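Working notes for the structure below.
Only the coordinates and a few stated rules stand behind these numbers; no lab work does. The shown structure was predicted, so the numbers you read here are calculated from the model rather than taken from an experiment. Methodologically, a virtual Cβ is constructed for each residue, glycine included, from the backbone with ideal geometry; neighbour enumeration extends over all protein chains shown.
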Amino acid sequence: MQNLSSWVARNRWVWSLIGVLILWGILSLLTDRVSLHSLSGVATSASFLVLAALGQMFVVTTGRGNIDLSIASVIALSAFVGLIVVGGSDGRIGLGLLAVLGIGLAVGLTNAVLVVLFRIPAMIATLATGYVLATTTLIANRSIAGAVASPALAFVAGGKVGGVPVMFLIALAAVALSSLVLGRLAYGRTLSATGQNARAARLAGVRTGRVTATAFVISSTLAALDGALLSAYVGGAFLEMGAPYLLQSVGAVVLGGSLIFGGSSTAVGTLFGCILLVLIVTTMQIAGLPPGTQDIVQGVVIIGVLALACRPVLRRIARAGPAGARAAGAQ
Amino acid sequence: MNSRNRITILLLQAAPYLLFLAILLVFGSLSDRFLSLANFTNIVIQAAPVAILAIGMTFVLLTAEIDLSVGAVMYLTGCILGLYLGGVPWPIGLMVVLVASALLGAVNGALVAYLGITSFIATLGTLFIGRGIAMSVSNTASVYFPEAITSLNRATVFGIPSAIVAVAVVFVIAWVLLQQTPFGRQVYAVGQDRDAATKAGLPARRIVFFCFVISGALAGMAGFVSSTQIGAITASYGLQAEFSAIAAAVLGGTSLFGGRGGVKGALFGALLIQTAANGLVIINANPYIYPLVTAGIIFIAVAVDGLRSHMLERLERRFIRPWEIA
């Protein structure tokens, strides 16, 4: 019993997995519209969220209340740019990828400069870059409806291999890679160290500024790729395209068991967090709830989980004394 | 080194005023209508909602927390006012709005102060919840306000437009509360060093809680004032209002890191933002440019704040007797 509880305490992603299983069970009992067929729809939607949420997770891990609120606008902008540059032909995919990666890199570096060099709180800095990007998208384009995605991209975004959506395989690969980076590679260890205690990490020789900057670049780049794939999936691009990913990416990270104070994250948990959130949204769509209800439920779920998750952390900080509290509470 | 640092900090502190001066000079030279008394009155009236929001936000920022839900509170209480209180006299409507928005603020306060949820996530959550509730009660349709409320916009008290009166009342109460009462001193104490304040026996949680209540109530007030001005609200109403409020407060010298600033600055910041917006309208700039200019001003404000806080922190670390550098 002791072993089990300490194992669960170390592997917080278990809770989100349990949540997924319970919600799935209730859904299949209540309605026959949830079937194996709709499972692949859920998996595809969750996959788009996974890419954005993994980036968010890296940023959250750096601690100091760091967060990337520009994800939504990056997704919308790269959706436009991806569609325009690729122009529906497979031959130009390389060019499109370059353009999209360029967006991710540029936005990530901008965020990093604002946060690391100018010491602007990440929340404000990324909200502002997101705001600027949204306006840029607005000036550049109104909306592209019914654009034809290139066949290869459309296959990656919407196709299936042996009944499994290709996007889901990509998401799984991304989760595995992130897990590897977090748990096994030097970068992941310095990332966790920076999030747990930036001053100690710096004294130990970690270049915390560089570590944090890299996390922002990872986040924006993943969001940019996500946007390009999303536009290929829905066959168009519009301004509000990325909007759901703002709260959901944060929500998935938190639901998955990563600490919002930073320093301890789990990629597997983020995966299950994404699936759980998408299941919740799907449930509400099936139930046909009025507009706005989705936002209410998502907000309640995230606050509820945080209310539960923050208690043990606070208790631990209280025990560690004021130094620990200051490290965790510092902006 | 010592005096150079002092000059840098002085420059950083003067940056918003220099910016204001630059805005006045640029738009004043581009249009002769800009620097008139009528236009300035207009600017103050238009700045009223943001000024009230920013005054409320100042309380929260002083405790080193943040309230992202103010725009949602504006939208939700606006929907309540327009949908359910159309027939009642406006003072009752205003009372209901204030009580409802204070309750919403209390929810934020409870989540942050008593449940220990990081304020930007907690209020981001209540932002979505608030907008969600507002969208479902209004069915995302436009909500129109009755003549009884919109006519307030043209009302005057001793010849002073009602919006300016509203800001003045809010400002005076907030200023007295913050500068002349024990509560105000405690807010600063909690913001500067929460651990020390707690050890000195201050009820830090309760103080943070009440700052969120104040921010919520003033968001409702700001929504009421802007309802009288625009007459109808849509589903995009109040979006990014938190942004202008934070920007106005920070431009006026309130630090995002807590413990520094005041409500006078919030008033100045709101005027600065509205002056820039007004100038753009007068020179017929492309409407798409507005958000870019606002974002630019905000970048400057928070960068100045970040650099200033960093410098002060470094100076305090280097000098054993920090008062010698002040």
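The figures follow:
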{"quantity": "Stokes-Einstein D (µm²/s) once Rh is taken as the Kirkwood radius of segment B:166-322 over alpha-carbon pairs, at 25 °C in 0.890 mPa s", "calculated": "139 µm²/s"}
{"quantity": "Calculated log₁₀ intensity ratio I(q)/I(0) where the Debye formula runs over C-alpha points of segment A:231-293, q = 0.15, 0.27 Å⁻¹", "calculated": "-0.60, -1.09"}
{"quantity": "Where labels lie 7 Å past Cα in the beta-carbon direction, separation of residue A:40 and residue B:230 in nm", "calculated": "4.5 nm"}
{"quantity": "P(r) of the protein assembly as shown over all Cα-Cα pairs, binned every 20 Å from zero, in whole percent", "calculated": "18, 53, 27, 2"}
{"quantity": "Check: the protein assembly as shown dipole with +1 on Lys, Arg Cβ and -1 on Asp, Glu Cβ, in debye", "calculated": "2020 debye"}
{"quantity": "Distance between segment A:63-100 and segment A:200-255 - C-alpha centres, whole angstrom", "calculated": "11 Å"}
{"quantity": "Linear extension gain, residue B:156 paired with residue B:293, 0.36 nm per residue minus alpha-carbon span", "calculated": "46.1 nm"}
{"quantity": "Segment B:253-270-segment B:1-50 distance, computed between alpha-carbon centres (Å)", "calculated": "15 Å"}
{"quantity": "Relative contact order of segment B:14-314, pairs being alpha-carbon contacts under 8 Å that are 6 or more residues apart, as %", "calculated": "34 percent"}
{"quantity": "DSSP H segments from chain B that extend 30 Å or more along their own axis, Cα-based, with Kyte-Doolittle mean of 0.0 or above", "calculated": "B:2-30, B:37-62, B:204-230, B:289-318"}
{"quantity": "Net charge dipole size for segment A:152-269 [Lys, Arg +1 and Asp, Glu -1 on Cβ; Debye, nearest 20]", "calculated": "560 debye"}
{"quantity": "Residue A:287-residue B:115 FRET efficiency (beta carbon distance; Förster radius 22 Å; 0.05 resolution)", "calculated": "0.15"}
{"quantity": "Mean Kyte hydropathy of 0.0 or more with a Cα span along the axis of at least 27 Å, helices from DSSP in chain A", "calculated": "A:36-61, A:93-112, A:208-234, A:267-287, A:293-320"}
{"quantity": "Order of A:40, B:255, A:258, B:215 - criterion: other Cβ atoms within 10 Å of each residue's Cβ, fewest first", "calculated": "A:40, B:255, A:258, B:215"}
{"quantity": "For segment B:90-192, diffusion coefficient by Stokes-Einstein and Kirkwood Rh (Cα), 4 °C, 1.567 mPa s, µm²/s", "calculated": "76 µm²/s"}
{"quantity": "Tensor-based shape of segment A:30-112 (alpha-carbon gyration tensor, a/c under 1.5 rounded, otherwise prolate or oblate)", "calculated": "oblate"}
{"quantity": "Spread of Cα-to-Cα distances over 20 Å intervals beginning at zero, given as percent, for chain B", "calculated": "31, 57, 11, 0"}
{"quantity": "Hull-based mean projected area of segment A:85-169, where the convex hull spans the alpha carbons, in square nanometres", "calculated": "7.5 nm²"}
{"quantity": "Bins of 20 Å, starting at 0 and running to the largest distance - Cα pair percent for segment A:12-329", "calculated": "33, 58, 9, 0"}
{"quantity": "Against the rule of thumb 2.2 N^0.38 Å, how large the Cα Rg of segment B:174-239 comes out", "calculated": "1.51"}
{"quantity": "Likely footprinting exposure, B:218, B:152, fewest C-beta neighbours within 10 Å first", "calculated": "B:152, B:218"}
{"quantity": "Residue (of A:165, A:99, A:114) at the positive-pole extreme of segment A:82-239, dipole from beta-carbon charges", "calculated": "A:114"}
{"quantity": "Whole-number D in µm²/s for segment B:10-165 (Stokes-Einstein; Kirkwood sum over Cα pairs; 20 °C, 1.002 mPa s)", "calculated": "117 µm²/s"}
{"quantity": "Sites matching trypsin sites (Lys or Arg not before Pro) across segment A:3-92 that sit in DSSP coil, with at most 15 neighbouring C-beta atoms within 10 Å", "calculated": "A:33"}
{"quantity": "Virtual spin-label span in nm between residue B:285 and residue B:240, 7 Å along Cα→Cβ", "calculated": "1.3 nm"}
{"quantity": "For segment B:67-105 and segment B:159-228, distance of Cα centres in Å", "calculated": "18 Å"}
{"quantity": "Check: chain A dipole with +1 on Lys, Arg Cβ and -1 on Asp, Glu Cβ, in debye", "calculated": "1340 debye"}
{"quantity": "Projected label distance in nm at residue A:28 and residue A:11, using a 7 Å step from Cα toward the beta-carbon", "calculated": "2.2 nm"}
{"quantity": "Qualifying trypsin sites (Lys or Arg not before Pro) in segment B:1-98, DSSP loop, other Cβ atoms within 10 Å at most 12", "calculated": "B:33"}
{"quantity": "Overall form of segment A:101-229 per C-alpha gyration tensor (a/c, 1.5; a/b vs b/c)", "calculated": "oblate"}
{"quantity": "FRET E, pair residue A:84, residue A:109, Förster distance 35 Å, beta-carbon r, rounded to 0.05", "calculated": "0.95"}
{"quantity": "Taking B:264, A:160, B:199 and counting other C-beta atoms within 10 Å, the order from fewest to most", "calculated": "B:199, A:160, B:264"}
